[in-house]
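The values are calculated or read from the model by the stated rules, or taken from the named source; none is laboratory data. Everything numeric here is computed off the predicted structure, so don't read it as measured data. Ideal geometry is used to build each Cβ from the backbone, glycine not excepted, and the neighbour counts take in all protein chains shown. Ligands, DNA and RNA are excluded from the accessible area calculation, which covers all protein heavy atoms including side chains. Shrake-Rupley method; radii C 1.70, N 1.55, O 1.52, S 1.80 Å.
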Amino acid sequence: MIKKWFYSRVFELNGHPLVAKQLKRFAMSRISRPFIRPFVQAYDLNMTEATRSLEEYSSLHDVFVRHVKREMRPIDQAEGAFVSPCDGVLSVVDDLTADSRFTVKGQSYTVSELLGSHHEAQQYVGGRVMIFYLSPQNYHRVHVPMDGTVRTSYTLGRDSAPVNEIGLTHALRPLTRNYRRVTRIVQGKHALEHVMVGALNVNSIVRTNESKDLRRGDEFGYFSFGSTVVLICPKDALTLDSQAIGPVLMGQRLGQWHS
């Protein structure tokens, strides 16, 4: 319990620039290696899913961005299936308003602010926002939810507040102000906004797949320390399954994409 409290405090404090930079430097160094096993125990990480044994990891960061065995995250193969891009807890905001506004934890956000473009936000009026919250326990690589072609991919923001209960409640709109990578993926007549939102005051998002043509389940990138994935869908583009909301695993079917 004490160990988990300690690590939780570290993640809460990562909104401070100095703490964030020092934390990243430490976690990526071999000096952090003695902390691997306590971290795994504190957050009850399921290392039987990982592609390497615990002894093979050289740093905390190495464990955090671990790969999992392919059979541990099967990708739904049904035609048109839309799958979860990551592990986490999914919440959904339906029926975006005429100014593409949505509310999370009492704070008001707009799609135009999230994307950095009022023009592009207009195509999502009446659509939905899907928010995937990742915890330190989760697998932190992010994948592609559907087949498609990358139209644009760019970064916005600089500093990042924590995207946890404290950050979402008290920080100034972290989902739309944090450092983030925004990628527009097109399939058929609809476009999907795939947004990785950082949670540290440093660049903690790494894109690992530079391909233009993507397949459902392809890895896209990872979070060095974790955060949130936001997907924005146009009206009538996606029919969600009734059981989609709540804890999800990467590759799990969430609904049907209408191309």
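Does segment 84-102 include one or more residues that are part of a strand (DSSP E or B), free of Cβ contacts under 8 Å to residues at least 24 places away in the same chain and open to solvent by 20 Å² or more (accessible area, probe 1.4 Å)? Yes: one or more hits. Going through (1) small (G, A, S); (2) under 26 Å from L238 (Cα atoms); (3) out of contact with any Cys (no Cβ under 9 Å at 6 or more places or on another chain); (4) open to solvent by less than 30 Å² (accessible area, probe 1.4 Å) one by one, G127 falls short only on (3). Among the residues of segment 55-83, those that are surrounded by 13 or more Cβ atoms within 10 Å (Cβ to Cβ) and among the hydrophobic types (A, V, I, L, M, F, W, C) comprise L60, V63, F64, V65, V68, M72, I75, A81, F82, V83. Residue pairs whose Cβ atoms lie under 8 Å apart, sitting 6 or more positions apart in sequence or on different chains, and linking a residue in segment 64-81 that is without any contact (Cβ under 8 Å) to a residue 40 or more places away in the chain and under 30 Å from R30 (Cα atoms) to a partner that is part of a helix (DSSP H, G or I) and open to solvent by 20 Å² or more (accessible area, probe 1.4 Å), are K69/E49; M72/E49.
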